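One structure below.
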Amino acid sequence: MRNTPLSLQSNGTEALNATAKFVATPEGTALAYGSLVFMALLPIFFGALRSVSCSKSKNSADMPETITSRDAARFPIIASCTLFGLYLFFKVFSQEYINLLLSVYFFVLGILALSHTMSPLMCRVFPSSLPNKQYQLLFTQGSGDSKEEIVNYEFDTKNLVCLLISSVVGVWYLLKKHWIANNLFGLAFALNGVELLHLNNVSTGCILLGGLFVYDVFWVFGTNVMVTVAKSFEAPIKLVFPQDLLEKGLEASNFAMLGLGDIVIPGIFIALLLRFDVSLKKNSRTYFYSSFLAYIFGLGLTIFVMHTFKHAQPALLYLVPACVGFPVIVALFKGELTEMFSEDKKLNQNYQLLQSKHTTVG
């Protein structure tokens, strides 16, 4: 796979966790966990909707990335190697210098992700009285008949405004590392991942979720690697919310956290089921809503178990069975289980037709 889904490369299946030195009030805990759940639902819901209308574009940033069964099978191995590599880096090298390099890296990526996320909203609120000029960034190689396009990116004034606003957030994050700026970038990464990462069929989704289910359980329960990297990694690869917000306001510093992988991985499967609903042409979103509710249940169960046992939990341990099991049960009751797993070609053909129509209308 290409490096488009940056939030997925960051080993984002860190468990929900709270610092043991601080005893949060019940109100602060409820606010923190409730806010994390709400923030997790936003990129899944809107990313899934945007994945349906995601059409082919001349801009490479808008092209969906398709995950095949081979990619899905290899991903847990690649993620494990990356995670353990980061763990060794933090053990051998200075954490300060590593996070400085990562901050600059995610500063650039965050600006681009947030700009892309804001683009549809800017198209609605941009004043019609202002001129919206078109621009094109073109890099070519060679000359004459042998000229080859390397980069061909088209944008307009609205995109430049989004880039400017995103840059302000980026500077804020780079200088202050404030948790709100972190969450803005994290939400943008998650939404872009759900929107632009497309599973090619339901079977591939089951392979991916099943593999990462084992990956998450092993690295959280079997070792301290996942939790160590999650606490050491100062980058917007996780959503955070302070449990001491009521006491300290915006300067609060004791956070509960949720890794972006616990949002994006189930999110791309939920988005696939929405596209499957569309492919059935029944004007129903049964599988999407059932998987969306399953995600809420699974995340709530994760928080409950973590809060009860006071130990970091691999969220995918609860999310994967819920997000896969609920839609499968619905398919069994509706008599569409065979269709769900055997008509992957139909799903892709109908989805490509939908994309073609959307491009024509656009």
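The values are calculated or read from the model by the stated rules, or taken from the named source; none is laboratory data. Here the structure is a predicted model, which is why all the values come from computation and not from measurement. Here the Cβ positions follow ideal geometry from the backbone for every residue, glycine too, while neighbour counts run over all protein chains shown. Just the protein is used for accessible areas: all its heavy atoms, side chains included, with ligands, DNA and RNA removed. Shrake-Rupley method; radii C 1.70, N 1.55, O 1.52, S 1.80 Å.
Here are some notes:
- Between the amide H of GLN243 and those of ASN254, PHE255, ALA256, distances stay under 5 Å, these residues lying 5 or more places away or on another chain, with hydrogens modeled in the peptide plane.
- Extending 7 Å from the Cα toward the beta-carbon at both GLU148 and CYS123 defines two label points whose distance is 3.2 nm.
- When all protein chains stay in place and ligands, DNA and RNA are ignored, the 1.4 Å accessible-area order of HIS307, HIS198, HIS178, largest first, is HIS307, HIS178, HIS198.
- Qualifying aspartates and glutamates (Cα of each under 14 Å from Cα of LYS334; at least 8 residues distant if same chain): ASP277
- Gain on full stretching of the segment that runs from GLU251 to THR66 - 0.36 nm per residue minus C-alpha separation: 62.5 nm
- Packing, taken as the mean count of other beta carbons within 10 Å per residue, orders the peptides 267-279, 283-295 from highest to lowest as 267-279, 283-295.
- DSSP bridge analysis restricted to the chain gives an antiparallel fraction near 80%, rounded to the nearest 5.
- log₁₀ of I(q)/I(0) at q = 0.15, 0.16, 0.19, 0.25 Å⁻¹ - the range 29-123, Debye sum with one point per alpha carbon: -1.06, -1.16, -1.27, -1.17
- Apolar share of the accessible surface for the chain: 65 percent from carbon plus sulfur atoms, 1.4 Å probe.
- Among VAL264, VAL168, VAL324: highest mean-square fluctuation, GNM of the chain, C-alpha pairs under 10 Å: VAL168
- What the range 123-245 shows is 48 Å² of accessible area per residue, with the surface traced by a 1.4 Å probe over protein heavy atoms.
- Taking 0.36 nm per residue of separation and subtracting the Cα-Cα distance, full extension of the segment from THR25 to LEU160 would add 44.2 nm.
- DSSP H segments from the chain that extend 15 Å or more along their own axis, Cα-based, with Kyte-Doolittle mean of -0.5 or above: 26-52, 69-92, 95-125, 157-176, 179-196, 202-217, 261-280, 286-309, 316-334
- For the pair PHE309 and VAL214, label points projected 7 Å from Cα toward Cβ lie 2.1 nm apart.
- Model label sites at ILE78 and LYS133, defined 7 Å from Cα along the beta-carbon direction, differ in position by 4.0 nm.
- Residues whose amide H falls under 5 Å from that of LEU197, counting only those 5 or more places apart or on a different chain, are GLU65, with hydrogens built in the peptide plane.
- Scanning residues 5 or more positions from THR68 or on other chains, none has an amide H under 5 Å from its amide H, with H placed 1.01 Å from N in the peptide plane.
- One decimal place: the segment THR228-LEU175 gains 16.7 nm when fully extended, by the rule 0.36 nm per residue minus the C-alpha distance.
- Cα-Cα over 20 Å, subset of LYS91/LYS310; LYS176/LYS238; LYS176/LYS231; LYS158/LYS238: LYS91/LYS310; LYS158/LYS238
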